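Notes for the one structure printed next.
The values are calculated or read from the model by the stated rules, or taken from the named source; none is laboratory data. Model, not experiment: these values are computed from the prediction. Here Cβ is always computed from backbone atoms with ideal geometry, including for glycine, and neighbour counts include all displayed protein chains. Calculation scope for accessible area: heavy atoms of the full protein, side chains included, ligands and nucleic acids excluded. Shrake-Rupley method; radii C 1.70, N 1.55, O 1.52, S 1.80 Å.
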Amino acid sequence: MFAAENGLKGDPRLEAISAAIRVVPDFPKKGIMFQDITTLLLDHKAFKHTVDIFVDRYKDMQISVVAGVEARGFMFGPSIALAIGAKFVPLRKPGKLPGKVISESYELEYGHDCLEMHVDAVEPRERVIIIDDLAATGGTLSAAISLMESQGAEVVECACVIGLPEVKGQHKLKGKPLYVLVEPSGLDKF
């Protein structure tokens, strides 16, 4: 669900967020219109709007875990977690976490990858939101959901700053809702 379809239609914050995202053609490979959120982070007002919208959505949902997907989910997740009184759990690329981990492989739009988390990062029945910058194929979010559920946590929702109008992999999200702030820029070439 897009934020504009859920009570934020016409909200100038969404326009500011969208305008702050740079599109980089043919990155990381030809044919990809990369949605670069580093320019969003440079615009402190747009960055604050992004965090504030997510905080407003989740502050009264009894969320105990905000899980952020490496690396761009790390840019939004900790701020959201602090604001709603939840812990932040990093979902990392292979070999980045010390100690015992569990992993989940997944398909990307342009390759394969894997996510890992510590086995003791979440407890059974904890309520989780998963945050990332972009929802495209649904593979990364699906892997994150699998990691959380393998430990008995309840994934309440996945949240992304940017999402395709029809996420190609929505069926991969195991019935979990997806909340997205804005559509990608340069969509005609995406």
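The table below gives the values:
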item: Test: residue in the stretch 112-124 that is open to solvent by 40 Å² or more (accessible area, probe 1.4 Å), of a type outside the set (Asp, Glu) and under 27 Å from residue 2 (Cβ atoms); result: no
item: Where a residue in the stretch 5-28 is within 10 Å of residue 182 (Cβ to Cβ) and its partner, wherever it lies, is open to solvent by 70 Å² or more (accessible area, probe 1.4 Å) and modelled with pLDDT under 95, with Cβ under 8 Å and at least six apart; result: 18/183
item: Enumeration of residues in the stretch 154-172 that are at pLDDT below 70 and either acidic (Asp, Glu) or farther than 17 Å from residue 182 by Cα (or both); result: 166, 169, 171, 172
item: Residues being assigned to a strand (DSSP E or B), more than 22 Å from residue 23 (Cα to Cα) and touching a residue at least 12 places away in the same chain (Cβ under 8 Å) - total across the stretch 92-144; result: 18
item: Residues of the stretch 15-60 satisfying the condition of being charged (D, E, K, R) and under 21 Å from residue 3 (Cα atoms); result: 15, 22, 36, 43, 45, 48, 52, 56, 57, 59, 60
item: Single unsatisfied condition, residue 57 versus (1) basic (Lys, Arg); (2) under 16 Å from the mean Cα position of the chain (by Cα); (3) open to solvent by 70 Å² or more (accessible area, probe 1.4 Å); result: (3)
item: Residue in the stretch 29-40 that is nearest to residue 53 (Cα to Cα), counting only those that are in contact (Cβ under 8 Å) with a residue 12 or more places away in the chain and outside any strand (DSSP E or B); result: 40
item: Enumeration of residues in the stretch 88-125 that are under 16 Å from the mean Cα position of the chain (by Cα) and over 22 Å from residue 27 (Cα atoms); result: 88, 89, 90, 91, 116, 117
item: Those residues of the stretch 1-44 which are open to solvent by 30 Å² or more (accessible area, probe 1.4 Å), small (Gly, Ala, Ser) and within 14 Å of residue 163 (Cα to Cα), in sequence order; result: 4, 18
item: Hits in the stretch 60-80 - residues which are in a helix (DSSP H, G or I), buried (at least 21 other Cβ atoms within 10 Å of the Cβ) and among the hydrophobic types (A, V, I, L, M, F, W, C); result: 76, 80
